[in-house]
Amino acid sequence: MPQANLRLGNQSITPPLMLAPMMDVTNQAFRALVRYYGGCGLFYTEMLNSRRIPGESLKSPLWKGLGIEQDVMVQLLGDDTDALVRSMEKLLPLNPFGFDWNLGCAKKKIMCWGWGAELLTHPARVAKVLQAMRKVTSRPLTVKIRIPNEFEAAAFIKFLEIFEDEGVDAVTVHARMPKDGFKRPARWDKIVPGSKKICVFR
Ligand SMILES: Cc1cc2nc3c(=O)[nH]c(=O)nc-3n(C[C@H](O)[C@H](O)[C@H](O)COP(=O)(O)O)c2cc1C
């Protein structure tokens, strides 16, 4: 049966289905199981702390357990440009499909450091970090976001335009606000027709 063609940056995703990043779930073993059953063309690591990766020993259990293969996007967490860039440089030899920056994690213990969804309120910083990340690799570079707490469509679109301007290849929207946690159904009504820059792969 012919399959839809899904492209991300300069690469194809076949089959055109991705497994969302999930902390404590999408580890190497889980990904291997899903890969065995088939049907999924792209996987994500759990979110990796960019403060930790640069100094991590190549012999450590964390490093050995990464299990990055060519169908795996590395998801990074943090707000420090240098830490994110050095994490990417260290991970590149493992040959990942690409990199994703987590701007969607709404856990208090993450946001209190200014990471994850806290960055949704700092567009200038996001632009600066992305500029540096984009220079590291021509592989797919994506971001994961939530709908901001103080949602205003025009401001949201403006924020999304930063991603386009800085060469991000795709955006994944977790259609809940940070204040929602995981509590309520996703706010699909906010992913409005006409906001073509949301979830568009190019
Ligand atoms: C257990 C669990 C762990 C998650 N960990 C991550 C994560 O590490 N990085 C991330 O971007 N999203 C994470 N998420 C969010 C999911 O990737 C997804 O965006 C979210 O669950 C919305 O999809 P849903 O409406 O089908 O639940 C996690 C979700 C769950 C349930």
### Message
Restricting to segment 75-90, count the residues that are part of a helix (DSSP H, G or I) and either within 16 Å of the ligand (Cβ to nearest atom) or crowded, with 23+ Cβ neighbours inside 10 Å (or both).
### Response
3
## Note on the structure
When segment 1-43 is checked residue by residue, the ones that are surrounded by 14 or more Cβ atoms within 10 Å (Cβ to Cβ), within 14 Å of the ligand (Cβ to nearest atom) and of a type in the set (D, E, K, R) are Arg31
### Task
Identify the single condition in (1) touching a residue at least 12 places away in the same chain (Cβ under 8 Å); (2) more than 18 Å from Gln11 (Cα to Cα); (3) not polar (S, T, N, Q) that Pro96 does not satisfy, given that it satisfies every other one.
(2)
### Task
Kindly indicate the residue of segment 104-136 that is surrounded by fewer than 20 Cβ atoms within 10 Å (Cβ to Cβ) and within 14 Å of Val168 (Cβ to Cβ) and also nearest to the chain's Cα centre (by Cα) among those meeting that condition.
Arg134
### Query
Assuming Arg134 fulfils every condition listed in (1) under 18 Å from Gln75 (Cα atoms); (2) part of a helix (DSSP H, G or I); (3) charged (D, E, K, R); (4) out of contact with any Leu (no Cβ under 7 Å at 6 or more places or on another chain) apart from one, which condition is it?
(4)
### Message
Please go through (1) away from the ligand (no atom under 16 Å from the Cβ); (2) among the hydrophobic types (A, V, I, L, M, F, W, C); (3) within 20 Å of Leu92 (Cα to Cα); (4) in a helix (DSSP H, G or I) for Leu58 and return the number of the only condition it doesn't satisfy.
### Response
(4)
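Just so you know, all these numbers are worked out from the coordinates, no wet-lab data involved. Just so you know, these numbers come straight off a predicted model, no measurement behind them. All Cβ positions, even for glycine, are placed from backbone atoms using ideal geometry, and neighbour counts span all protein chains on display.
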